[in-house]
Amino acid sequence: MLRIGIIGCGNIAATLAGTMVKMPGRVSIEAVASRDKAKAEEFASRFGVSKAYGSYEELYEDKDVELVYVATPHAFHHDQMMEALRHGKNILAEKAFCINEKEAEEVFALASEKHLYVAEAIWTRYMPSRKMINDIISSGRIGRITSITANLGYKILQKPRISDPALGGGALLDVGVYPLNFVLMATEGDPISSMSGLAVKSEGGVDRRNMISFTFESGAAATIFSDAECVSDRRGIICGTEGMIEVENVNNPEIIRIYSADRPAVLKETIQITHEINGYEYELDAAAAAIAEGRTEPEAMPWRETLRVLRITDALRSVWGIKLGYELKA
């Protein structure tokens, strides 16, 4: 059983803790930490955790904790992960994994040196729906992929973690990574040949919304859209020469529909997606299995893919003139 310590006591930490308590015998929550001890104690009481710490350092030093789940704003991830690794802890860190590729490279270098597991907790990479979609594509049912569109939008710009560049804010690194990963998973193994993007910036200097386009060496093209000021339809469409796949909710696939290439298109199959718990269990199971087997990274989200995503977002932010976290002081 994997023994987990949680740093950060926000909404996503609560969601993961709620998942963990429904996985007895697979994972257990050993401790929780916040810079506000009262907040940690309330969180621990809510989820039946025996140890609540008022500093992250105390949790890193807890010998009962095997893996640290990092649920803080991503501007802090690099330093927190480096310290956890120095204490010999495995890590599962929320997306965005780091502010930029350079930070992630440093984390992975230390994890490799210490032979510790580190993974980005972007749940769609671990879900069964990923294999379902890739199996449909590889079967040839929709032919050769020609184009992909994907979008995700929520009204979240009012949240400090989104509006504040010092916390790593903006639509791209929070919601934009989901349609970006959707496209990269669907085009697995197909190198990007060109990329462009536009962003609308806030007065505070983060991207309110953005539009990004890719072309791939195969000839496929993709466009993604993310927005921190509106609720979008969250839909993903993968078009091919022989049909089309429609995915409801690229952030948490709910229904997959397969259409013919007829005009009008004919619905051929509908796949309703269900989870054992809520969809977060897969990244936790992946961590437990990898650590038990002595692996340092998950098959579902290997380090090279985390680095690839950050390389893309770094390039876009460079063009848009957006600096985040420690970059603001550079």
What aspartates and glutamates could a cross-link reach from K63, if we take a straight Cα to Cα line under 19 Å and drop same-chain neighbours fewer than 8 places away?
E30, E83
What helix-only [θ] at 222 nm does the chain give? Using -39500 (n - 2.57) per DSSP H run of at least 4, over all residues, to the nearest 500, the answer is -9500 deg cm²/dmol
So, in nm, how far is label M211 from label K102 when the simple model puts each one 7 Å beyond its Cα toward the Cβ?
3.2
Which value, in nm² and rounded to one decimal, describes the direction-averaged projected area of the C-alpha convex hull of the range 128-274?
9.2
Could you work out how far helix 177-186 tilts from the main Cα principal axis of the chain, as a 0 to 90 degree angle to the nearest 10?
60
May I have the pair-distance distribution P(r) for the chain, computed from all Cα-Cα distances with 10 Å bins from 0 and rounded to whole percent?
6, 25, 33, 25, 9, 2, 0
Across the range 145-157, in residue order, what do the Karplus-derived ³J(HN,Hα) couplings come to in whole Hz, using 6.51 cos²θ - 1.76 cosθ + 1.60 with θ = phi - 60° and x for Gly and Pro?
5, 10, 7, 9, 10, 7, 9, 7, x, 9, 7, 10, 4
Kindly provide the trypsin sites (Lys or Arg not before Pro) of the range 114-184 that DSSP labels as loop, not H, G, I, E or B, and whose Cβ sees at most 14 other Cβ atoms within 10 Å.
R144
Whichever aspartates and glutamates have a C-alpha closer than 14 Å to that of K268, once near sequence neighbours (fewer than 8 apart) are set aside:
E242, E246
Among 164-174, 21-31, what's the highest-first ranking by average C-beta atoms within 10 angstrom per residue?
164-174, 21-31
Name the lysines eligible as straight-distance cross-link partners of K159: C-alpha to C-alpha under 20 Å, and not fewer than 8 places from it in the same chain.
K39, K95, K201, K323
Specify the angular offset, from 0 to 90 degrees and rounded to the nearest 10, of the alpha carbon long axis of helix 77-86 from the longest principal axis of the alpha carbons in the chain.
50
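We did not get these values from a lab; they are worked out from the coordinates using the rules stated. Treat the numbers as computed from the prediction; the structure is a model and nothing was measured. For neighbour counting, all protein chains shown are included, and Cβ atoms are generated from backbone atoms with ideal geometry for every residue, glycine included.
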